[in-house]
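Student: Mind having a look at this structure? Questions to follow.
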Amino acid sequence: MKKNLYYRLFFQRQNRFKEMLTDLFFSLASWPRLLLEVFIRKNFGERYFSVSTAIILTVLLAIFPYLIESTLIFGFGRNNVSDVFSENISWYLFLVAFVYSCFLRWQEIRRLPSVFDFGRFSLSTGIVHPRFYAISLGGKPVDIRTIETVLEPGFFFLVGLVLWWMDQSVGMVLLVCSVLYSLSYVAAYKKGDDYIMDIIDKRILNEEMVSTFVDELDPSKTRGVHFYGRRPADPETRRMVADLFTEEDDVVEAR
């Protein structure tokens, strides 16, 4: 397959900063997503679900209320563990449910086909709960994109809203995590859309290069493709230069 050097120079490099921000957001949103998706998904890939991350999250969640209550900055100055626990029962009940769900997900992974036998995608984000597919919007069944960006995080957002209204601190955790959950999948689908559009745009640019560069047709006749820069005066020279805009991918054959 040929690479279009003109596309790579003028269009592909413009997205480097955006891609860096997207990758950074994915890394920051992985923990909030883990806090929620273990409750509603199963059969994660063994490289997607991290037991070590679950343990770290559990420890942080366990000590967080105590750290808040014992910090003088917040005006409490108490170090009584029993008081902190009694005032944050819903928080620790959520933590128990999280640990139990993580244990179930870990057991599922152990029973799944081996990745090394090509039986399983190791980075799978899990299987969506079938009840979400039973939901209809506008008389039509919802698709996976709507489930991941709206319905799944929306469920936890509503639960968090109720708990927050009941003055339960864990409600705010669910609210924040649900928003990050949604935004992370929005970013993932946007990245996927951009990837497909890149493939399509490269194909269009290759097909229209002669029309826009050699024949100098208007963008209205080249599906919007426009060449930026001066062209050689001679049409045959332009055609020769246009052939240099692409190069073959390096293909390494196994011996």
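The values are calculated or read from the model by the stated rules, or taken from the named source; none is laboratory data. Nothing here was measured: the structure is a model prediction, and the numbers come from that model. Glycine gets a Cβ as well: all are built from the backbone with ideal geometry, and neighbour counts include every protein chain shown.
Student: Could you list, in sequence order, all residues of the range 138-156 that are within 24 Å of LEU57 (Cβ to Cβ) and touching a residue at least 24 places away in the same chain (Cβ under 8 Å)?
Tutor: GLU148, THR149, GLU152, PRO153, GLY154, PHE155, PHE156, listed by residue number.
Student: Is it fair to say SER182 is within 30 Å of LEU67 (Cβ to Cβ) and modelled with pLDDT of 90 or more?
Tutor: Details: within 30 Å of LEU67 (Cβ to Cβ): yes; modelled with pLDDT of 90 or more: yes.
Judged against the criteria, SER182 is a match.
Results for (1) under 20 Å from TYR181 (Cβ atoms); (2) at pLDDT 80 or above; (3) within 25 Å of the chain's Cα centre (by Cα), shown as yes or no for each residue.
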| position | (1), (2), (3) |
| --- | --- |
| PHE25 | yes, no, yes |
| PRO32 | yes, yes, yes |
| LEU35 | yes, yes, yes |
| LYS42 | yes, yes, yes |
| GLY45 | yes, yes, yes |
| LEU60 | yes, yes, yes |
| ASP83 | no, no, no |
| LEU93 | no, yes, no |
| PHE98 | yes, yes, yes |
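Student: Can you name every residue in the range 51-65 that is among the small types (Gly, Ala, Ser) and buried (at least 17 other Cβ atoms within 10 Å of the Cβ)? Outline the logic, then answer.
Tutor: If we filter the range 51-65 for residues that are among the small types (Gly, Ala, Ser), which is where we start, we get 52, 54, 62.
Selection gives ALA54 alone.
Student: Which pairs do you get when a residue that is surrounded by 11 or more Cβ atoms within 10 Å (Cβ to Cβ), found in the range 16-37, comes within reach of a residue that is assigned to a helix (DSSP H, G or I) and charged (D, E, K, R), reach meaning Cβ atoms under 7 angstrom, with the pair 6+ apart or on two chains?
Tutor: That search, which allows pairs on different chains as well, returns THR22/LYS191.
Student: I've got another one for you. Restricting to the range 188-236, count the residues that are modelled with pLDDT of 70 or more and small (Gly, Ala, Ser).
Tutor: Final tally of qualifying residues: 4.
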